[in-house]
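Enquirer: Let me begin by handing over the structure; questions about it come next.
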Protein chains: 2
Amino acid sequence: MNSELSSQQVKDIGEQGLLEKLQRFCPPEIIGDDAAVLVTAPGQSLVVTTDVLVDGVHFSNVTTSPEDAGWRAAAANLSDLAAMGASPLGITVGLGLPGEVKVSWVERLYQGITECLQKYNTSIVGGDIVRSPVTTLAITAFGQVSPHQIIRRSTAVVGDAIVVTGVHGASRAGLELLLHPELGQDLNHVEKMALIRAHQRPQPRLDVLPILWKILTPDSQLPPAGMDSSDGLADAIIQISRASGVGAVLERRQISIPAAFDHWLTQEQALQYALYGGEDFELVLCLPQELASAFVQHLGQGAAIIGSITSGSTVLLHDEQKKFPDQVLSLSQGFQHFGQ
Amino acid sequence: MNSELSSQQVKDIGEQGLLEKLQRFCPPEIIGDDAAVLVTAPGQSLVVTTDVLVDGVHFSNVTTSPEDAGWRAAAANLSDLAAMGASPLGITVGLGLPGEVKVSWVERLYQGITECLQKYNTSIVGGDIVRSPVTTLAITAFGQVSPHQIIRRSTAVVGDAIVVTGVHGASRAGLELLLHPELGQDLNHVEKMALIRAHQRPQPRLDVLPILWKILTPDSQLPPAGMDSSDGLADAIIQISRASGVGAVLERRQISIPAAFDHWLTQEQALQYALYGGEDFELVLCLPQELASAFVQHLGQGAAIIGSITSGSTVLLHDEQKKFPDQVLSLSQGFQHFGQ
């Protein structure tokens, strides 16, 4: 009986049956109408972000359990809210499913989504489930933000310090360890698990926002420029530079990386992971030097000032020990979704 | 040169190239950050709805041009907002695309989406474009509504009149004419085009909301119960009955259908299209009889009182001329998305 249940497929119970099973993941008051109703606080602006994830392109059963795929999808969208300075109001989940997908897979996906949302005091507020030849997950997240606290990419000014809220490269390292377990021979069990966990359960940095607003009191202080590092640290800094019409210089040795990298990877490999690995979901923020120092002190745990905004138009990687020549960072080492 | 351009595929220009081409469909102020910022009016609640559409399941190049697929997707989401009593603030568009899709196809899809949005004074405020083996369109729409004007399915009361805001069956008839042009021999050109147009360019009934609020002045009047008829008129009435814990009786001859049906279809066929055809995107609203009469008079054009809410739990189709016995309507003649 149990094994029959666990092998039940989506087509066995239909859309209605699946919806009934998934209702336990949603607050009861939102079920049953054409759309969900949310209340925004007075004077707050609404922030909206959306992501589409496709089986075989953005997640895979090889490296990712359904719970982790769900967590990661939710985390990526919450990170986009954090990147704008917004706190979450809820998400909608659009799901395309082949009839052969196991019902238990879908329930485990929703389990992962809601675990992540619960940690950040938010929930699924609506969705759609349809038949599709390929499993597809479309998440839209809503948040709210005071209009004078919106974090944008375009407001960095020359002289700003560039702050990262944590280490970079951990998620990519975790993925490599999942794909090639033999690579981890120089790591102890705790180090390995921490890196894999960074990949499977990334933490959107909504927690840094209250600290940021405390540092920036009084309210007359402008919000920092910034974004999240979901597409890589190099990408984030290049995007901010472009949008703000400025340049940047990064100090090679200030870029914070997981401690385990020191005895595991070459300096070049570690830097490559940190700059281009992606999916660390830290925030990259540009603010005046003295505020940046206070902010980093309050954050701890890998937070660092890694460089500053310059009047040029390029993003330079600089070595204060002058062992390496200055290097211009480009997006070309990052990724493009399409292409041959 | 032109023919080279028109055969350009998504993979030829990559995600970044495609995004640049599609920016002209978005308001300039929303481009370039992790998320879009929208302003809700003071005291309004936020309404959110989402739909996923898959090539070959929900749209097809056989019956639908990319412009029409875009219009229909936008219209369906705006209709869900109208169904809650909400006016639109914007939509996000998540798009999964095989690399072989023509760039011009994507531009035409966005053209159709924005044509529909412009008609209702709203716009695309964000999105995501990713690679996928099957073209997939995930739209999330946001609207705002006064908390005391939220239309819900669950508030119908015994004695309410059931109002439809227009004719039913036109969209389904248009689809049949596209699939089987030979069926239309008894229709003139204008009738044929009107039915096909009802399928290709359905009109979400946001226009009826101001009329409704005018009829319901003073504000102390409760909002009507209701929803839209996107999944069919029978489905809408059954859903409202279930959610409200009531029954309903529909008068067979009061159900308004396109005039062309009278000399084209049998009564039974016409009724079948009207009750189960779907995608007419009218509103089905339950409100006190005298208000319903005033509302229908103001609407004109196919709007009608088609029955009333009863104390039972079934939805009955009744014939006042007693040529047909009472018939219980069920969802089973509707559709399920999954199944073999």
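Enquirer: Could you list, in sequence order, all residues of segment A:40-61 that are at the interface with chain B (Cβ under 8 Å from one of its Cβ atoms) and assigned to a strand (DSSP E or B)?
Expert: A:Ser45, A:Leu46, A:Val47, A:Val48, A:Thr49, A:Thr50, A:Asp51, A:Val52, A:Leu53, A:Val54 - these are the residues of segment A:40-61 that are at the interface with chain B (Cβ under 8 Å from one of its Cβ atoms) and assigned to a strand (DSSP E or B).
Enquirer: Same structure again: Could you tell me whether any residue of segment B:100-122 is in a strand (DSSP E or B), buried (at least 21 other Cβ atoms within 10 Å of the Cβ) and within 17 Å of the chain's Cα centre (by Cα)?
Expert: Checking segment B:100-122: not a single residue is in a strand (DSSP E or B), buried (at least 21 other Cβ atoms within 10 Å of the Cβ) and within 17 Å of the chain's Cα centre (by Cα).
Results for (1) in contact (Cβ under 8 Å) with a residue 60 or more places away in the chain; (2) hydroxyl-bearing (Ser, Thr, Tyr), shown as yes or no for each residue.
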| residue | (1), (2) |
| --- | --- |
| A:Thr122 | no, yes |
| A:Gly126 | yes, no |
| A:Thr140 | yes, yes |
| A:Gly143 | yes, no |
| A:Pro147 | yes, no |
| A:Val158 | yes, no |
| A:Val163 | yes, no |
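Enquirer: Could I ask something else about it? Look at segment A:130-157 and say how many of its residues are surrounded by fewer than 24 Cβ atoms within 10 Å (Cβ to Cβ) and within 28 Å of A:Ala243 (Cβ to Cβ). Spell out how you get there, then give the answer.
Expert: Of segment A:130-157, the ones surrounded by fewer than 24 Cβ atoms within 10 Å (Cβ to Cβ) are A:130-131, A:133-135, A:144-150, A:152-155, A:157.
Restricting the remaining residues to those that are within 28 Å of A:Ala243 (Cβ to Cβ) gives A:144-150, A:152-155, A:157.
Of the residues in segment A:130-157, 12 are surrounded by fewer than 24 Cβ atoms within 10 Å (Cβ to Cβ) and within 28 Å of A:Ala243 (Cβ to Cβ).
Yes or no, residue by residue, for (1) within 26 Å of A:Leu78 (Cα to Cα); (2) touching a strand residue (DSSP E or B) at 6+ places or on another chain (Cβ under 7 Å); (3) in contact (Cβ under 8 Å) with a residue 12 or more places away in the chain:
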{"residue": "A:Phe281", "(1), (2), (3)": "yes, yes, yes"}
{"residue": "A:Cys286", "(1), (2), (3)": "yes, yes, yes"}
{"residue": "A:Phe295", "(1), (2), (3)": "yes, yes, yes"}
{"residue": "A:Ile306", "(1), (2), (3)": "yes, yes, yes"}
{"residue": "A:Ser313", "(1), (2), (3)": "no, yes, yes"}
{"residue": "A:Lys323", "(1), (2), (3)": "no, no, no"}
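Enquirer: Further, regarding this structure: For A:Thr63, work out the one condition from (1) buried (at least 16 other Cβ atoms within 10 Å of the Cβ); (2) among the hydroxyl-bearing types (Ser, Thr, Tyr); (3) over 28 Å from B:Leu97 (Cβ atoms) it doesn't fulfil.
Expert: (3)
Enquirer: Sticking with this one: Within segment A:188-232, take every residue that is assigned to a helix (DSSP H, G or I) and not hydrophobic (A, V, I, L, M, F, W, C) and give me the one that is farthest from the other protein chains (Cβ to nearest Cβ).
Expert: Within segment A:188-232, the first condition is being assigned to a helix (DSSP H, G or I), and the residues that meet it are A:189-200, A:208-215.
This time we only want the ones that are not hydrophobic (A, V, I, L, M, F, W, C), so: A:189, A:191-192, A:197, A:199-200, A:210, A:214.
Details: A:His189: 35, A:Glu191: 31, A:Lys192: 30, A:Arg197: 24, A:His199: 19, A:Gln200: 21, A:Pro210: 19, A:Lys214: 22 Å.
Among residues in segment A:188-232 that are assigned to a helix (DSSP H, G or I) and not hydrophobic (A, V, I, L, M, F, W, C), the one farthest from the other protein chains (Cβ to nearest Cβ) is A:His189.
Enquirer: Another one. Being at pLDDT below 95 and away from chain B (no Cβ under 14 Å) is true for just one of A:Arg252, A:Arg242. Which residue is that?
Expert: Testing whether each residue is at pLDDT below 95 and away from chain B (no Cβ under 14 Å) leaves just A:Arg252.
Results for (1) modelled with pLDDT under 85; (2) over 29 Å from the mean Cα position of the chain (by Cα), shown as yes or no for each residue.
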site: A:Asn2; (1), (2): yes, yes
site: A:Val10; (1), (2): no, yes
site: A:Pro27; (1), (2): yes, no
site: A:Ala35; (1), (2): yes, no
site: A:Val47; (1), (2): no, no
site: A:Val52; (1), (2): no, no
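Enquirer: Scan segment B:157-173 and give yes if some residue there is in a helix (DSSP H, G or I) and within 14 Å of chain A (Cβ to nearest Cβ), otherwise no.
Expert: no
Quick grid of which residues meet (1) out of contact with any Phe, Trp or Tyr (no Cβ under 7 Å at 6 or more places or on another chain); (2) not polar (S, T, N, Q):
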{"position": "A:Leu206", "(1), (2)": "no, yes"}
{"position": "A:Ile240", "(1), (2)": "yes, yes"}
{"position": "A:Leu250", "(1), (2)": "yes, yes"}
{"position": "A:Ser256", "(1), (2)": "yes, no"}
{"position": "A:Thr266", "(1), (2)": "yes, no"}
{"position": "A:Phe281", "(1), (2)": "yes, yes"}
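Enquirer: Inspect segment A:64-80 for any residue being under 23 Å from B:Asp33 (Cα atoms), touching an Asp or Glu at 6+ places or on another chain (Cβ under 9 Å) and facing chain B (nearest Cβ under 7 Å) and give the result as yes or no.
Expert: Yes, some residue in segment A:64-80 is under 23 Å from B:Asp33 (Cα atoms), touching an Asp or Glu at 6+ places or on another chain (Cβ under 9 Å) and facing chain B (nearest Cβ under 7 Å).
Enquirer: Give the residue that is nearest to the other protein chains (Cβ to nearest Cβ), with candidates limited to residues of segment A:81-99 that are crowded, with 18+ Cβ neighbours inside 10 Å and under 14 Å from A:Val10 (Cα atoms).
Expert: Taking segment A:81-99 and keeping what is crowded, with 18+ Cβ neighbours inside 10 Å, we get A:81-97.
Filter once more, keeping what is under 14 Å from A:Val10 (Cα atoms): A:95-97.
On the way: A:Leu95: 7, A:Gly96: 5, A:Leu97: 8 Å.
Filtering first and then ranking leaves A:Gly96.
Enquirer: B:Gly127 fails exactly one of the following numbered conditions: (1) crowded, with 24+ Cβ neighbours inside 10 Å; (2) out of contact with any strand residue (DSSP E or B) (no Cβ under 6 Å at 6 or more places or on another chain); (3) in the same structural domain as B:Ala86 (by TED's automatic domain parsing). What is the number of that condition?
Expert: Answer for B:Gly127: the failing condition is (2).
Enquirer: If a residue has to be more than 8 Å from chain B (Cβ to nearest Cβ), under 19 Å from the mean Cα position of the chain (by Cα) and closer than 18 Å to A:Glu67 by Cα to count, how many in segment A:123-145 make the cut?
Expert: Result for segment A:123-145: 4.
The values are calculated or read from the model by the stated rules, or taken from the named source; none is laboratory data. What you see is a predicted model, and the numbers here were worked out from it, not measured in a lab. Backbone-built Cβ (ideal geometry, glycine too); neighbour counts: all protein chains shown.
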